[in-house]
Structures are given as structure tokens and as C-alpha cells.
Amino acid sequence: MESGRSKSIGHQINWTARLFAREMDRRVKSIGLSSSQLPVLLALADAEILSQKALVARSAVEQPAMARMLDRMEKEGLVRKKPDPFDGRGFLYSLTEKSRLKLPVVFNEMVVGNEKALRGISEAQVELLLQTLVRMNLNLADPDVTPPVPEKS
């Protein structure tokens, strides 16, 4: 019996996401990072300082997993936390100099990984795919999640 998974958009996107994560793990391992840390690094590179709740919203990582990741990243010297002056129980997170120095490598490896994945695909197809994925992300996102939407060129 055929499961239909090869024709399932969700299955193909999930498969692609796992392959992208594996590719990025290989690319950033040499600088002491993993693909699971990239959403935090990229969000903080854009925003400078964010609460854990804001990081959850920008990464679509569940809160308990985010808490564990932030603890690990703090121990590894990748993020620093300070008390949130507006929330007595919360903290604000920012990148350390150690992680900021890794960002150029991360950005470069993201470009190279994307180029590898997009080999043989036309610019028009890439643009259509990007628009489609953005629409799907917006359709599927919970109200407390902020999917990334590319700026208009």
C-alpha cells in the first residue's frame, strides 16, 4: 500500500528541513555551533536583545526547549542574560562577543548551503518557492509565532 508521503507537501518540506539542518550542522560544527542554535543567534543578531518569550515567537521553538537551549548557550558563552526590568521573573538575552565573531562564518555557510540546495533551480522558481513557503508559514503559524517574511527588494 502506497502511503502517499512522496506527494505530501508537508512530508517533503519536513524532509527538506531535516536535510538543511544536517547540512548546516556539518557547516557550523567547526566553530562550535549547531543548526538548532541558529534561530536564536539570527534573532539576536537582528534585534540585539530579546526576552525568552520573544525568542520563542521568532523561532517557533517550544518554550521548554528554548529554556534548555538558552541555558546551554549561556554556559557555552554564546549568549548573556540579564534581568528584565519590566518582568521581575524574566530575563533579556543578547549575543556575546564570542558569538558575534562567529556570525560572519554562519552567514557565509548559510549562503553556501542555500546555493547547494538551489542548484539547477531558476531564479523564478526560487522566488515562487519563497513566496509559497512564506504564505504557508503564515497560514500555519500560531498567533504567538512571528514567521520570517523577506523584505521587498
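The values are calculated or read from the model by the stated rules, or taken from the named source; none is laboratory data. Given the structure is predicted, the values throughout are model-derived calculations rather than measurements. Neighbour counts are summed over all protein chains in view; Cβ atoms, including those assigned to glycine, are modelled from backbone coordinates with ideal geometry. Just the protein is used for accessible areas: all its heavy atoms, side chains included, with ligands, DNA and RNA removed. Shrake-Rupley method; radii C 1.70, N 1.55, O 1.52, S 1.80 Å.
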How much of the accessible area of the stretch 52-147, in percent, comes from carbon and sulfur atoms when a 1.4 Å probe is used?
57
Note, ³J(HN,Hα) from phi for the stretch 87-97, Karplus 6.51, -1.76, 1.60, rounded to Hz, x at Gly and Pro:
9, x, 9, x, 10, 10, 10, 9, 7, 8, 4
Taking r as the C-beta separation of GLU62 and SER34 and R0 as 22 Å, the FRET efficiency to the nearest 0.05 is 0.80
Taking Rh as the Kirkwood radius computed over C-alpha pairs, what is the Stokes-Einstein D of the chain at 10 °C in a medium of viscosity 1.306 mPa s, expressed in µm² per second?
92
Quickly work out the ALA54-to-ASN114 label distance, labels modelled 7 Å from Cα along the C-beta direction, and quote it in nm with one decimal.
2.4
The chain: calculated mean residue ellipticity at 222 nm from DSSP helix runs of at least 4, using -39500 (n - 2.57):
-19500 deg cm²/dmol
Quick one: angle between helix 38-47 and the longest Cα principal axis of the chain, in degrees between 0 and 90, rounded to 10, please.
60
How large is the dipole of the stretch 54-129 about the Cα centre if only Lys and Arg carry +1 and Asp and Glu carry -1, each at its Cβ, rounded to the nearest 20 debye?
360
Can you give the local net charge around LEU129? Use residues other than it whose beta-carbon is closer than 12 angstrom to its beta-carbon, Lys and Arg +1, Asp and Glu -1.
-1
Estimated dipole of the chain in Debye, rounded to 20 [Cβ of Lys and Arg +1, of Asp and Glu -1, Cα centre]
440
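Near ARG100, within a Cβ-to-Cβ distance under 13 Å, what is the net charge of the other residues, with Lys and Arg +1 and Asp and Glu -1?
Working: positive: ARG80, LYS98, LYS102; negative: ASP46, GLU48, GLU97.
Here the charged neighbours net out to 0.
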By accessible area (1.4 Å), largest first, VAL106, VAL134 order as VAL134, VAL106
Normalised alpha carbon radius of gyration of the stretch 1-90 [divisor 2.2 N^0.38 Å]:
1.35
Of the listed links LYS7/LYS102; LYS53/LYS102; LYS81/LYS116, those spanning more than 32 angstrom between alpha carbons are LYS7/LYS102; LYS81/LYS116
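In debye, nearest 20: dipole of the stretch 77-119 around its Cα centre with unit charges on the Cβ of K, R (+) and D, E (-)?
Details: 9 positive and 5 negative charges, 25 e Å.
Here the stretch 77-119 has a charge dipole of around 120 debye.
Over the stretch 91-146, give the accessible area per residue in Å² for a 1.4 Å probe, as an integer. List each step's numbers first, then the result.
Details: 3960 Å² over 56 residues.
Heavy-atom SASA per residue in the stretch 91-146 reads 71 Å².
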Using only Cα atoms and rounding to the nearest 10 degrees, what angle (0 to 90) does helix 9-28 make with the longest principal axis of the chain?
50
With Cβ to Cβ distances under 15 Å as the rule, what net charge do the other residues near ALA45 carry (K, R +1; D, E -1)?
+1
Over the chain, relative contact order from alpha-carbon pairs under 8 Å, at least 6 apart, %
22
